[in-house]
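The values are calculated or read from the model by the stated rules, or taken from the named source; none is laboratory data. Source: prediction; values computed, not measured. We place every Cβ from the backbone using ideal geometry, glycine too, and count neighbours over all the protein chains shown. Surface areas here come from the heavy atoms of the whole protein model, side chains and all, with no ligands, DNA or RNA. Shrake-Rupley method; radii C 1.70, N 1.55, O 1.52, S 1.80 Å.
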Amino acid sequence: MRQNYGLDINPLTDVVICCGQSEAFAAAIFAAINQGDEVLLFDPAYETYESCIALAGGIPVYVPLDPPYWTLNVDKLMKSFTSRTKAVVLNSPHNPTGKVFSKEELQAIAGACCKMDCFAITDEVYEYITFDMQKHISIATLPGMQERTVITSSLSKTFSVTGWRIGWACAPASIASAIRSIHVKITDSAPAPFQEAAVTALQSPPAYFKFLKAEYEAKRDFVVQMLSSLGFQIRFKPQGSVFVFAELPENWLLSDLEFVTELIENAGVAAVPGCGFFHADPNVQEYRNRYVRFAFCKSEATLNAAAQKMGELCKLQRMPGSLIRKKILE
Ligand SMILES: Cc1ncc(COP(=O)(O)O)c(C=O)c1O
């Protein structure tokens, strides 16, 4: 934390090692949120946040990011705060869009948190996976924020070890202590052998982190190019994470769910329908059934095979009986 972000964190009091970011986040929410507290989230959002907030008795309030670039409208953000707002959840680099929040956007969120006396609870699991010279900034580094930020992250994505279940929460000592008490009640301890391994992993030389970015950037470029050649609209090229959030081709009338079903059943390729990430009023989000999330954290061989199978499926759309074709003809 000191080396990457210049944050002065006491390892004995300000850090809680958990079973992945998932547990760190849940424990942070249980520590910070009481019955009836409102928690702001940016929409679209990773699915697990809302469940944790609901389990804690909190009320999720979504602030939509504006497509196609998923920009933050500061006016919408400010209007979402009430006297009951207790925290803002911030995930950057962002799942599902691949957005990296800009310094200006983070300053606006930080200013609002300070003004409204709220916590920021972050999910920074993709902190090392950023592209095109984009740099991840932790909101905790902005003025007035360290004392009100809970950073959560993990080994899962940086070292491709999602099954090791090592994550952490870094927070001011008083809230870290509450998170630790909850962590002890939920899981008692994260796996000890993998904590030892984490020490080695986190001391990897800079070349490892450079390689990680370069490798994923090449995979991002491959998938963006492949999807564009099939007619997908990718106006926003992911700046980080391992996802492309692609808009269905303009002339396809089928929904995200119909396309993904067709893709799984007829091409053997799994993607996630965008509707699972959107939460705001469907009447306002007319685009909620138009996006599909593709993950590119796969080997080159798997990505090539998926590209070939998707290409074949898209050719098949011209054949009778294809759902895609039926929809086009409608
Ligand atoms: C945004 C985000 N946060 C957290 C996680 C889960 O992280 P962990 O394995 O550390 O629990 C994921 C996994 O897909 C994710 O995409």
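Condition (residue is among the β-branched types (Val, Ile, Thr), more than 16 Å from the ligand (Cβ to nearest atom) and out of contact with any Asp or Glu (no Cβ under 7 Å at 6 or more places or on another chain)) applied to segment 71-79: is it met by at least one residue? Reasoning before the result, please.
Taking segment 71-79 first, the residues among the β-branched types (Val, Ile, Thr) are 71, 74.
So of that shortlist, the ones also more than 16 Å from the ligand (Cβ to nearest atom) come out as 71, 74.
Still in the running and out of contact with any Asp or Glu (no Cβ under 7 Å at 6 or more places or on another chain): 71, 74.
There is at least one residue in segment 71-79 that is among the β-branched types (Val, Ile, Thr), more than 16 Å from the ligand (Cβ to nearest atom) and out of contact with any Asp or Glu (no Cβ under 7 Å at 6 or more places or on another chain).
Please count how many residues of segment 276-298 are closer than 21 Å to Leu230 by Cα, open to solvent by 50 Å² or more (accessible area, probe 1.4 Å) and either in the same structural domain as Tyr128 (by TED's automatic domain parsing) or out of contact with any helix residue (DSSP H, G or I) (no Cβ under 6 Å at 6 or more places or on another chain) (or both).
3
Does segment 144-178 hold any residues that are in a helix (DSSP H, G or I) and either aromatic (Phe, Trp, Tyr) or more than 16 Å from the ligand (Cβ to nearest atom) (or both), and which are they?
Gln146, Glu147, Arg148, Trp164, Ala173, Ser174, Ile175, Ala176, Ser177, Ala178
Given the criterion within 16 Å of the ligand (Cβ to nearest atom) and either under 14 Å from Pro172 (Cβ atoms) or of a type in the set (S, T, N, Q) (or both), identify the matching residue among Thr130, Thr141.
Exactly one residue qualifies, and that residue is Thr130.
Quick check: anything in segment 12-28 within 12 Å of the ligand (Cβ to nearest atom) and touching an Asp or Glu at 6+ places or on another chain (Cβ under 7 Å)?
Scanning segment 12-28, I find at least one residue that is within 12 Å of the ligand (Cβ to nearest atom) and touching an Asp or Glu at 6+ places or on another chain (Cβ under 7 Å), so the answer is yes.
In segment 239-256, what residues are part of a loop (DSSP other than H, G, I, E, B), closer than 21 Å to Tyr69 by Cα and open to solvent by less than 10 Å² (accessible area, probe 1.4 Å)?
Matches in segment 239-256: Ser241, Val242, Leu248, Pro249.
Is it the case, given these coordinates, that Phe209 is farther than 30 Å from Lys86 by Cα, more than 18 Å from the chain's Cα centre (by Cα), touching a residue at least 60 places away in the same chain (Cβ under 8 Å) and open to solvent by less than 60 Å² (accessible area, probe 1.4 Å)?
yes
Among the residues of segment 26-72, how many are hydrophobic (A, V, I, L, M, F, W, C), part of a strand (DSSP E or B) and open to solvent by 20 Å² or more (accessible area, probe 1.4 Å)?
So the answer is 2.
Restricting to segment 179-206, what's the tally of residues that are open to solvent by 60 Å² or more (accessible area, probe 1.4 Å) and more than 16 Å from the ligand (Cβ to nearest atom)?
Here the count works out to 13.
Just one of Ser181, Ser228 is assigned by TED's automatic domain parsing to the domain that holds Phe296, of a type in the set (S, T, N, Q) and in a helix (DSSP H, G or I); which is it?
Of Ser181, Ser228, the one residue that is assigned by TED's automatic domain parsing to the domain that holds Phe296, of a type in the set (S, T, N, Q) and in a helix (DSSP H, G or I) is Ser228.
Checking the condition open to solvent by less than 30 Å² (accessible area, probe 1.4 Å), in a loop (DSSP other than H, G, I, E, B) and either over 25 Å from Thr48 (Cβ atoms) or away from the ligand (no atom under 16 Å from the Cβ) (or both), which residue from Phe259, Phe236 passes?
Of Phe259, Phe236, the one residue that is open to solvent by less than 30 Å² (accessible area, probe 1.4 Å), in a loop (DSSP other than H, G, I, E, B) and either over 25 Å from Thr48 (Cβ atoms) or away from the ligand (no atom under 16 Å from the Cβ) (or both) is Phe236.
Does Leu106 count as crowded, with 19+ Cβ neighbours inside 10 Å, aliphatic (A, V, I, L, M) and part of a helix (DSSP H, G or I)?
yes
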